[in-house]
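Report on the following structure.
The values are calculated or read from the model by the stated rules, or taken from the named source; none is laboratory data. Quick caveat: nothing in here was measured; it's all calculated off a predicted structure. For neighbour counting, all protein chains shown are included, and Cβ atoms are generated from backbone atoms with ideal geometry for every residue, glycine included.
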Amino acid sequence: MNKTIIESSKGWKVVDFKELWRYKDLLYFLTVRGIKARYSQSVLGVGWAIIQPLFTTLVFTVVFGGLAKVESDGMPYILFSYLALWPWNYFSGTLSESANSLVANAGMITKVYFPRLILPLAAIFSKLLDFIISFAVLLVLLIYFQVLPGWQVIFFPILLIQLLACSLGIGMILSAMAVQYRDVKYALGFIVQLLLYGAPVVYSTTAVPEQYQFLYSLNPMVGVIEGIRAMFLSRPMPWEWILPGAIIATLFFVFGLFYFRKMERVFADVA
Amino acid sequence: MSDTIIKVENLSKRYRIGLQEKKADTFVQQLWNNLKAPVENFKRIKSLGKFEEGSGSIHWALKDVSFEVKQGEVLGIIGKNGAGKSTLLKILSKITEPTSGRIEMNGRVAALLEVGTGFHPELTGRENIYMNGTILGMTKKEIDQKLDEIINFSGVEKYIDTPVKFYSSGMRVRLGFSVAAHLEPEILIIDEVLAVGDYEFQQKCLGKMEEVSKKEGRTVLFVSHNIQAITTLTRSTIVLKSGQMVFNGGTEKGVTTYLGLEKTRSLDYRSNISKGIVSVSINTSEPNNIQRFNEKFSVEITISLIQNVKIPSVSYQVFDEYENSIFHELFLASEHELDLSTSQLKIVSEIKNLRLYPGEYYLKVHYADKFTKIKLDTVGEICHFKVEVMGELRDYYWQPGAAKYVEYGNWRIV
């Protein structure tokens, strides 16, 4: 028989992974619910996961590639920007989705106990479908420009983990904050837009002045984007961009886990 | 090992209640306040999650509550709104943490503070069963095994693959309860879920609860306002009042304690002049003007005879809360030998088995002289009392508003 002890807890605590595992089915159904709810009663359905990044890329290509003539490392600008937008859209999408996950499900939080971490987790997993679907567009572009990815593709899982850790880490922090401070929701919309210019989405890393390059590499998304570009363009992996970001992403993730756990106990009281 | 399954020790929970905002009395002040607003807001919102002592906006939702629940026991928790019932349930179900104190529970806990938590309108009934079930702590495998049973019990088989947004609210509740009814925890915590749904459905829920507790021997904590449900389902009860436990013991006594907490409106009537109806008082079967269904009830009326009354005629009417007269009871002077030389006459009307339907009632008393046909006095809206059913008497369906009075007829098989 399992014994439960309920007491007031204090300070920082480690996430109860065993409990999280017991609720894995809930994670699954919440993820499915997220996907189904997002595209239900829409004509194009998951087609939106293609249209959104495609049109953004087209606009970028016209404005930055065509009018502003931004340097694109010698590859077609459309491919150049789509390779970045593909992970970037996932990152920005999960940020707003996970930040909102607790507030949107306040009704559940105040009525039933379950590991609250499931909510931002489900938000991040359900967005993975969009990520996979928008890969289809990338495939079309690769075929059109007759680009064959290099052997560096084997590093893709590392980049994916970095992307997930970064999204989840920041997502956990933001969702926990958003329960108490609704400002997060309003601020996030335009901050994500601004952040776009802090990563090499529309421009190349060569445009960054030498003395700021290390500071720039601390943005975990820089490494992810540069890594993905290198992968598909058969260039050597840019570890100098990836490693600093990987460390920062890990820090975000670990801090996020603890911060979320610490804030968890007041969710039901302030939601 | 003892058979204590839940042990609650000195449980307390502190909440913060909003303080009134400072009002500005000048335009400049208002402007300054507006500029300061983000800083003030930040302080206020930051403090939402902190409940330290010493500031004025603290409220104890629970204070030093201790009790134990034995294996297989069904414990009722009653108290008025704001007494701390929901807070206690939320702590027991781990939704929120206590400020201090400790709870020890042996076994899997399932809490039903609401039916159909996590339902998404766009998902079908079947999908929502999985959604709701896993939120309540079931695994997919467990739900797979019970799926047919759950669908059958809900009575919405035909629409099970229709999105829940097309369901009526009643269907949604039925589906939600059906999932909940198939949980198999050792400890079941139920908030007033029975307050929703139609009457037939409430009966089904009560039946299921009885089955869970009596046949399967599981421990149930049951919070309700429904005295009838509490008295039928539970044997022991705790009563909460403003966060404190004021009673812990047998349900019957608990219920009277709880009902006694309510402010009784007007008890007895007493006139300030010694003319007409001097005083009226009622004698209910329980203290605090609580009348138990099918028990003795009496009304005592004192009238003044100083106006040279020839044939005193007294009657009283019993009104329900909607001002409908339910019955009229007459005192016939011709049936009694009266001494009219005194200044006052005191009469008592006794009803052996008052079978008024559960609800709130009051009296209206009339006094006239039958000889002169002059109305001497009338007093209304006095002696408020409440009729409650305690324990199950013949298997009646105590649906609110179903009747005003219950008659015991003799049935024969012919």
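List of remarks:
- B:Leu188 more than 13 Å from chain A (Cβ to nearest Cβ), of a type outside the set (Asp, Glu), at negative phi and part of a strand (DSSP E or B): yes
- Scanning the stretch B:117-127 for residues that are outside any loop (DSSP other than H, G, I, E, B) and at the interface with chain A (Cβ under 9 Å from one of its Cβ atoms) gives a single hit, B:Glu127.
- Taking the listed residues A:Ala165, A:Ala176, A:Ala104, A:Ala122, the one that is within 14 Å of chain B (Cβ to nearest Cβ), of a type in the set (A, V, I, L, M, F, W, C) and within 15 Å of the chain's Cα centre (by Cα) is A:Ala122, with no other qualifying.
- Check on B:Ala111, crowded, with 19+ Cβ neighbours inside 10 Å, touching a residue at least 12 places away in the same chain (Cβ under 8 Å), within 16 Å of B:Glu186 (Cβ to Cβ) and not acidic (Asp, Glu): yes
- The residues of the stretch A:137-146 that are aliphatic (A, V, I, L, M) and farther than 17 Å from A:Pro87 by Cβ, listed by number, are A:Val140, A:Ile143.
- Wholly within the stretch B:273-379, strands (runs of 3 or more DSSP E) carrying at least 2 residues that are closer than 22 Å to B:Glu252 by Cβ: B:277-283, B:290-292, B:295-304, B:344-354, B:359-369
- Residues of the stretch A:193-231 satisfying the condition of being buried (at least 21 other Cβ atoms within 10 Å of the Cβ) and either over 13 Å from A:Asp73 (Cα atoms) or without any contact (Cβ under 8 Å) to a residue 12 or more places away in the chain (or both): A:Ala199, A:Ser217, A:Pro220, A:Met221, A:Val222, A:Gly223, A:Val224, A:Ile225, A:Gly227, A:Ile228
- Number of the condition not met by B:Asn132 [criteria: (1) polar (S, T, N, Q); (2) touching a Phe, Trp or Tyr at 6+ places or on another chain (Cβ under 7 Å); (3) away from every other protein chain (no Cβ under 13 Å)]: (3)
- Assessment of the stretch B:117-125 against the conditions (within 31 Å of the chain's Cα centre (by Cα), modelled with pLDDT of 85 or more and buried (at least 22 other Cβ atoms within 10 Å of the Cβ)) yields at least one matching residue.
- Residue pairs meeting the criteria (Cβ under 9 Å; at least 6 apart or on separate chains; first under 13 Å from B:Thr96 (Cα atoms), in the stretch A:102-116; second outside any helix (DSSP H, G or I) and of a type in the set (Phe, Trp, Tyr)): A:Met108/A:Phe114; A:Phe114/A:Tyr23; A:Pro115/A:Tyr23
- When the stretch B:233-261 is limited to residues that are hydrophobic (A, V, I, L, M, F, W, C) and surrounded by fewer than 19 Cβ atoms within 10 Å (Cβ to Cβ), the one that is nearest to B:Val389 (Cα to Cα) turns out to be B:Leu261.
- Residue, farthest from B:Ile282 (Cα to Cα), within the stretch B:316-330, restricted to residues that are surrounded by 12 or more Cβ atoms within 10 Å (Cβ to Cβ) and in contact with an Asp or Glu (Cβ under 6 Å, 6 or more places away or on another chain): B:Ile326
- For the stretch A:149-171, the criterion of a residue being hydroxyl-bearing (Ser, Thr, Tyr), more than 21 Å from A:Leu79 (Cα to Cα) and not in a helix (DSSP H, G or I) is satisfied by no position.
- One residue from A:Phe253, A:Phe260, A:Phe267 being within 14 Å of chain B (Cβ to nearest Cβ), closer than 15 Å to A:Ser167 by Cβ and surrounded by 15 or more Cβ atoms within 10 Å (Cβ to Cβ): A:Phe260
- Taken across the stretch B:150-159, residues that are within 14 Å of chain A (Cβ to nearest Cβ), assigned to a helix (DSSP H, G or I) and at pLDDT below 90 do not occur at all.
- Single match in A:Phe135, A:Phe60 (criterion: of a type in the set (Phe, Trp, Tyr), surrounded by fewer than 18 Cβ atoms within 10 Å (Cβ to Cβ) and away from chain B (no Cβ under 14 Å)): A:Phe135
- Scanning the stretch B:73-110 for residues that are part of a strand (DSSP E or B) and more than 7 Å from chain A (Cβ to nearest Cβ) yields B:Val74, B:Leu75, B:Gly76, B:Ile77, B:Ile78, B:Gly79, B:Gly101, B:Ala110.
- Note on the stretch A:9-26: residues that are more than 11 Å from chain B (Cβ to nearest Cβ) and either surrounded by 18 or more Cβ atoms within 10 Å (Cβ to Cβ) or touching a Cys at 6+ places or on another chain (Cβ under 8 Å) (or both) amount to 0.
- Qualifying positions in the stretch A:105-132 - surrounded by fewer than 15 Cβ atoms within 10 Å (Cβ to Cβ) and in contact with a helix residue (DSSP H, G or I) (Cβ under 9 Å, 6 or more places away or on another chain): A:Ala106, A:Ile132
- Only one of A:Leu174, A:Leu159, A:Leu148, A:Leu142 that is in contact (Cβ under 8 Å) with a residue 60 or more places away in the chain and loosely packed, with under 15 Cβ neighbours inside 10 Å: A:Leu148
- When each of B:Ala195, B:Ala229 is tested for being modelled with pLDDT under 75 and within 25 Å of B:Gly116 (Cα to Cα), the lone residue that passes is B:Ala195.
- Test result for B:Lys140, closer than 29 Å to A:Ala268 by Cβ, among the basic types (Lys, Arg) and at the interface with chain A (Cβ under 7 Å from one of its Cβ atoms): yes
- Failed item, numbered, when B:Ile187 is tested on (1) within 17 Å of the chain's Cα centre (by Cα); (2) surrounded by 19 or more Cβ atoms within 10 Å (Cβ to Cβ); (3) modelled with pLDDT of 80 or more: (1)
- A:Phe29 under 26 Å from A:Ile173 (Cβ atoms), more than 14 Å from chain B (Cβ to nearest Cβ) and surrounded by 15 or more Cβ atoms within 10 Å (Cβ to Cβ): no
- Qualifying residue in the stretch A:52-59 (condition: more than 23 Å from A:Leu163 (Cβ to Cβ) and part of a helix (DSSP H, G or I)): yes
- Residue count, the stretch A:36-50 (criterion: assigned to a helix (DSSP H, G or I) and more than 11 Å from chain B (Cβ to nearest Cβ)): 6
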